[in-house]
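Derivation of every value follows stated rules applied to the coordinates shown; laboratory data play no part. Here the structure is a predicted model, which is why all the values come from computation and not from measurement. A quick note on method: Cβ atoms are made from the backbone with ideal geometry, for glycine too, and the neighbour counts reach across all protein chains shown.
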Amino acid sequence: MIVRALKQPYSVQRTLKKAHLNQEFIPYLQSIVDSQGKLCGAEALMRWQTTPTQLVSPIAFIPAMEETGLIVPITSSIIRQLADTLEPQQLLLPDNFYISVNISKSHFKNLSLLEDCRYFIDKLSIKKVKICLEESRNASSSSKQNLVITYCKS
């Protein structure tokens, strides 16, 4: 039903806005390990949880988010959810831990990304967790530009 609604242009933005208001977009973390197999970071993956047991594939909604401009506020929500979730657990994280977040070129046109990064860094200041931003060329493509920005607060 969700995927069908996303195929109808008039309802795409309304469906995504409603899901955003209902806080259905959630972060999932995929571990990143170093050459010795030790945990050193995680990649934040956006998931759309329509029910407690149902997830919609990102291929079905990320391109629509980019087309409608909702990618920026929804990514903002994901970054803030990550900060709020990790804050009470930050002492359990290894030194130099980082979270990698995919962004699109529309994020560069909006200064809210800077505020989101500041929020993240301030919440995780005890362990100095870093946030790395990777610009995706296209949400439906697995290729990424080589641009990686690390926002660090000293």
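Descriptive notes on the structure:
- In sequence order, calculated HN-Hα J values of region 81-87 (Karplus, 6.51, -1.76, 1.60; Hz; x Gly/Pro): 4, 4, 4, 5, 6, 7, 3
- About its Cα centre, region 21-136 has a charge dipole of approximately 200 debye under the convention of +1 per Lys or Arg Cβ and -1 per Asp or Glu Cβ, with nothing else charged.
- In Hz, Karplus ³J(HN,Hα) per residue of region 94-101 (6.51, -1.76, 1.60; θ = phi - 60°; x = Gly, Pro): x, 4, 6, 5, 9, 10, 9, 10
- 3J(HN,Hα) couplings calculated from phi for region 58-72 with the Karplus curve 6.51 cos²θ - 1.76 cosθ + 1.60 (θ = phi - 60°) are, in sequence order, x, 4, 7, 10, 4, x, 5, 4, 5, 5, 8, x, 7, 4, 5 Hz; Gly and Pro show x.
- Between residue 114 and residue 81, the FRET efficiency from the beta-carbon distance, with R0 = 25 Å, is close to 0.90.
- Under 5 Å from the amide H of residue 132 lie the amide H atoms of 99, 100, 101, each residue being 5 or more positions distant or on a separate chain, with H modelled from the backbone and absent for Pro and chain starts.
- Per-peptide average of other Cβ atoms within 10 Å, ordering 105-113, 62-70, 50-58 highest first: 62-70, 105-113, 50-58
- Remark: the residue 57-residue 45 segment gains 3.2 nm on full extension, using 0.36 nm per residue and subtracting the alpha carbon distance.
- Equivalent ellipsoid, region 9-122 (semi-axes from 5 times Cα gyration tensor eigenvalues, Å): 26, 16, 13
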